[in-house]
Amino acid sequence: MAGYQLGAVVYHPKVEQIWHEFSGWFAEQGLDLHARYYDRYEDQIEDLLDGALDTAWNTNLAHVRVLQRTDGEAKALAMRDTDRGWRSHLVARSDSDVRELRDLLGRPVGFGDADSPQAHIMPVHALRAEGVDPDRDFRAHRLDRDLGKHGDTGGAELAQLARVRAGELDACVVSSVTLDAVGRLGDAAGLTTVWTSPPFHHCCFSVLDDSGEAHQEFRRLLFGMDASDPRLCEPMELEYVNRWVPFDRAGYAELEAAVAAGPITVGEGTPA
């Protein structure tokens, strides 16, 4: 199939709606964009590396894995403004006796899917950098609910949060984005944050080489998207983007270090 081939993982039905509407807008601007859908980032990565895709709308973990497979030569075209400065939080019930990190020593703490950068890989890496090993110092409970989607669904985070509210866990990891969403729904009352990770960046459009004319046109049009445009306001809101911004690899450094250090898996994974 001709045209500019973009890969996207369907972690929610809205993904196909988003890229259907985006593709129509790109066509109006003269770029024939075709979205190809995947169930798992691992399959999307393989197609990008095999040349079946021009770009892949990747999580930070998927992009780091592409970097690994290309000896650091892969590039990224852009990211969302909302992809910058994510954090992972450990939250507990505010009516508990948990006030700081040391209060969780020896106690049950929940983590998300093993391949979730924000609910597992990054917080474990950051905690270990601070001298706290969740496997050694907590009774870690991992919930593998949506493996292959790199935590995009948020399902494991919300399920672990429900366990905290029920008193089954003394704390759990949630991303800043999940915690903000819970707050917007008015459901953050009764929660307290006891630890916060350093910031890190999230998704980006991975490419093997960013020098082609098609890549440059795709990026130019991305940067020209306006959330006030009636054709774009709904899909941009669904995509959680106000504007597209240049890629910043610096925000991936800690995840690159975590992945390079080897597999990070804590606790006995509980399937959904």
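Each residue in region 120-139 was checked for being out of contact with any Leu (no Cβ under 9 Å at 6 or more places or on another chain) and either part of a helix (DSSP H, G or I) or modelled with pLDDT under 95 (or both), and 7 pass. Scanning region 142-151 for residues that are more than 13 Å from the chain's Cα centre (by Cα) and at pLDDT 95 or above, which turns out nearest to Ile264 (Cα to Cα)? Checking each candidate, the answer is Arg142.
Quick one: would you say Glu130 is within 18 Å of Pro198 (Cβ to Cβ) and within 23 Å of the chain's Cα centre (by Cα)?
Values: within 18 Å of Pro198 (Cβ to Cβ): yes; within 23 Å of the chain's Cα centre (by Cα): yes.
Yes; evaluated as a whole, the condition is true for this residue.
Among the residues examined, Thr59 qualifies as surrounded by 22 or more Cβ atoms within 10 Å (Cβ to Cβ) and within 26 Å of Ile264 (Cα to Cα). The numbered conditions (1) free of Cβ contacts under 8 Å to residues at least 12 places away in the same chain; (2) more than 22 Å from Glu217 (Cα to Cα) are all true for Cys233 except (2). Val109 satisfies every condition listed in (1) assigned by TED's automatic domain parsing to the domain that holds Glu217; (2) in contact with a Pro (Cβ under 7 Å, 6 or more places away or on another chain); (3) hydrophobic (A, V, I, L, M, F, W, C) except (1).
Only a single criterion out of (1) at pLDDT below 95; (2) under 15 Å from the mean Cα position of the chain (by Cα) is not satisfied by Gly212, namely (2).
Note on region 152-197: residues that are in a loop (DSSP other than H, G, I, E, B), in contact (Cβ under 8 Å) with a residue 60 or more places away in the chain, crowded, with 20+ Cβ neighbours inside 10 Å and under 19 Å from the mean Cα position of the chain (by Cα) total 2.
Can you name the residue in region 98-119 that is under 30 Å from Phe218 (Cα atoms) and assigned to a loop (DSSP other than H, G, I, E, B) and, of all such residues, is nearest to the chain's Cα centre (by Cα)?
Restricting attention to region 98-119, the residues satisfying the condition of being under 30 Å from Phe218 (Cα atoms) are 115-118.
Filter again for assigned to a loop (DSSP other than H, G, I, E, B), leaving 115-116.
Numbers: Asp115: 10, Ser116: 7 Å.
The selected residue is Ser116.
Of the listed requirements (1) within 22 Å of Cys233 (Cα to Cα); (2) in contact (Cβ under 8 Å) with a residue 24 or more places away in the chain; (3) of a type outside the set (D, E, K, R); (4) in contact with a helix residue (DSSP H, G or I) (Cβ under 9 Å, 6 or more places away or on another chain), Val15 misses just one: (2). For Ser197, the conditions (1) more than 30 Å from Asp97 (Cβ to Cβ); (2) touching a Pro at 6+ places or on another chain (Cβ under 7 Å) are fulfilled apart from (1). Just give me the residues in region 74-97 being outside any strand (DSSP E or B) and in contact with a Lys or Arg (Cβ under 8 Å, 6 or more places away or on another chain), in sequence order. Selection gives Leu77, Ala78, Asp81.
Could you please let me know if Asp95 is in contact (Cβ under 8 Å) with a residue 40 or more places away in the chain, surrounded by fewer than 23 Cβ atoms within 10 Å (Cβ to Cβ) and touching a strand residue (DSSP E or B) at 6+ places or on another chain (Cβ under 8 Å)? Reasoning before the result, please.
Working: in contact (Cβ under 8 Å) with a residue 40 or more places away in the chain: yes; surrounded by fewer than 23 Cβ atoms within 10 Å (Cβ to Cβ): yes; touching a strand residue (DSSP E or B) at 6+ places or on another chain (Cβ under 8 Å): no.
The answer is no for Asp95.
Can we say Gly251 is closer than 26 Å to Val64 by Cβ and outside the structural domain of Ser116 (by TED's automatic domain parsing)? Judged against the criteria, Gly251 is a match.
The values are calculated or read from the model by the stated rules, or taken from the named source; none is laboratory data. Remember, predicted model here, so these are calculated numbers, not experimental data. So basically every Cβ, Gly included, is an ideal-geometry build from the backbone, and we count neighbours across all protein chains shown.
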